[in-house]
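Following: one structure in structure tokens, then a few remarks.
The values are calculated or read from the model by the stated rules, or taken from the named source; none is laboratory data. All figures in this text were calculated on a predicted structure; none of them were measured in a lab. Every residue, glycine among them, receives a Cβ derived from its backbone with ideal geometry; neighbour counts consider all protein chains shown.
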Amino acid sequence: MCTSALVVEVSAAEPVVADLRRRFDASASLGVPTHITLLFPFMSPAEITSNVIRHIESALSLVPAFDFSLTQIGRFPATTYLTPDPVEPFVALTTALVERFPQYRPYGGVHDGTVPHLTVAHGDAATANSAATALEERLRILEPIRTRCSSVSLLENSSGRWKQMRVFDLLSFPRFFAFQRSRVMQRSPWSAEL
């Protein structure tokens, strides 16, 4: 499989989910970090040029860095996951990327809508049930997972293992506001008068 993905790495969740992912999510053994997927599958690593990088940066500039937590367990039939709160910035990042790269749909377009999630277990219903039980116990006794999304990682798999290809820093709110204001000023017909 020669492909890539844009994800938010969530190292703050490692103490809670790392061993569960090793047991119940085969992607962990392929080098996939604990993450929330924004866009997968994405293009072949060989197709990622400096122009593609600029388009990714432009899309990601539409959403500033943000705080989020992972305290709720969610389920798909064969998957157990943690739901980020809030979900809206993740949806906004995915939407911005898909608008920039419309030929790439989340999960190849097989699902309707976007459900941001951090996969803990994937395989079958029994596996997902076992992971959900263990995860419920951990969330009950451990501190809530609270962290910040300040970057997006471009991962690639051209060798059978996933590796980080590039990290894109999201703008902090003051820098984001100044950047967005400068973009508006550059496009405004009245900017010459200001």
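Quick look at the numbers
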item: Residues of the stretch 35-53 classified as outside any helix (DSSP H, G or I) and over 13 Å from the mean Cα position of the chain (by Cα), total; result: 4
item: Residue, surrounded by the most Cβ atoms within 10 Å (Cβ to Cβ), within the stretch 28-76, restricted to residues that are touching a Pro at 6+ places or on another chain (Cβ under 6 Å) and among the hydroxyl-bearing types (Ser, Thr, Tyr); result: SER69
item: Near pairs, Cβ below 6 angstrom, 6+ apart or cross-chain, from the stretch 44-69 (in contact (Cβ under 8 Å) with a residue 24 or more places away in the chain and of a type in the set (Val, Ile, Thr)) to any residue that is surrounded by 14 or more Cβ atoms within 10 Å (Cβ to Cβ) and part of a helix (DSSP H, G or I); result: VAL63/PRO89; VAL63/ALA92; VAL63/LEU93
item: Among the candidates TYR104, TYR81, residue that is of a type outside the set (Gly, Ala, Ser), in a loop (DSSP other than H, G, I, E, B) and either at pLDDT 95 or above or within 15 Å of the chain's Cα centre (by Cα) (or both); result: TYR104
item: Out of ASP25, ASP19, sole residue that is exposed (fewer than 15 other Cβ atoms within 10 Å of the Cβ), within 23 Å of ALA125 (Cβ to Cβ) and modelled with pLDDT of 95 or more; result: ASP19
item: Test: residue in the stretch 15-34 that is over 18 Å from TRP162 (Cβ atoms), assigned to a loop (DSSP other than H, G, I, E, B), of a type in the set (A, V, I, L, M) and touching a Lys or Arg at 6+ places or on another chain (Cβ under 9 Å); result: no
